[in-house]
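Here is the structure we will look at.
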Amino acid sequence: MRSLAELSIDIAQSRCNTRNRAMETLVETLYQRLRLDIVECSLNPGKAFSEAGLGRLYDAGRTPVREACRRLEHEGLMRITPFRGYAIAPLSVSEFQDLEEMQLIFEPAAAALAAERISPQEIEELRALARAEYRVDDKASYREFIRANYQLHCLIAQATRNIRLSDIIANIHIRLMRFFYLGLSFEAHGHTLSNEHIVLVNAIAARDPRAARRKAADHVTRAIARSATMLKGAIRFGEAVFESVPAGNTSPVRVSKPRRGK
Ligand SMILES: [Zn+2]
């Protein structure tokens, strides 16, 4: 038989658990909303906020704001400066190039593993996602394509059954999506991209790791070649959006930057 003291501890504990669960839900909801707004660039890259300002904008309290922003910082989508506030992570040409380089390192290996481990149901899901393409004159179809592209690459990563590898690839793609939403790849490549996805998925479905590795490498290499030209235009168009390279930074910049005043 439990004593009265034990019972009241149980009740207090259960109230505390309910409060914690409610707080977790608030944090999760705010995190998802903020993440979507950052990824789709509804919140401008580089834009600064105070804690109270973000709370007002999303009708949220200080604790959820703090927790959600901490998670977003961990993903590289937000910057936190102690005692100063928050800023949406700026976009830079070097970040874009780093992300592409990482794709080339991780995605061919992931495709090869996926070819060995993927389930028949995942193959069907991949086939459906690979059919997505966009029309150049239709911005909504481009936004749909960006989502399908993200899901396809993440599903291949999940099919490796390696959670760590899958986390890395998902993070690469969530960060790349911000550049895509800015229209960096809004060019006449809808059909080409869809074909590249289809041959990649066919290689995975044939359970051929070598072919899957090669097709994934081809897809990323071609994407890098396509973006190189567009990036030059985007730097000019988005000087306010793209973070400038700090003076004295010796890291190699593979795209020539426009001269001031041009
Ligand atoms: Zn793709």
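Things worth noting here:
- Pairs linking a residue in segment 153-171 that is on the phi > 0 side of the Ramachandran plot to a residue that is in a helix (DSSP H, G or I) and buried (at least 17 other Cβ atoms within 10 Å of the Cβ), with Cβ atoms under 9 Å and 6 or more positions apart or on different chains, are R161/L113; R161/A114.
- Of the criteria (1) surrounded by fewer than 21 Cβ atoms within 10 Å (Cβ to Cβ); (2) within 19 Å of the chain's Cα centre (by Cα); (3) not in a strand (DSSP E or B); (4) not assigned by TED's automatic domain parsing to the domain that holds F179, which one A68 fails: (1)
- Any hit, segment 84-103, residues being at pLDDT below 95, within 16 Å of the ligand (Cβ to nearest atom), crowded, with 17+ Cβ neighbours inside 10 Å and among the aromatic types (F, W, Y): yes
- Taken over segment 52-102, residues that are under 30 Å from R19 (Cα atoms) and free of Cβ contacts under 8 Å to residues at least 40 places away in the same chain amount to 25.
- Subset of segment 105-121 [polar (S, T, N, Q) and in a helix (DSSP H, G or I)]: Q121
- Looking across L113, L193, L182, one residue alone is within 17 Å of R214 (Cα to Cα) and more than 15 Å from the ligand (Cβ to nearest atom). It is L113.
The values are calculated or read from the model by the stated rules, or taken from the named source; none is laboratory data. Keep in mind the model is a prediction, meaning the values are calculated, not measured. Quick reminder, even Gly has a Cβ in these numbers, built from the backbone with ideal geometry, and neighbours come from all protein chains shown.
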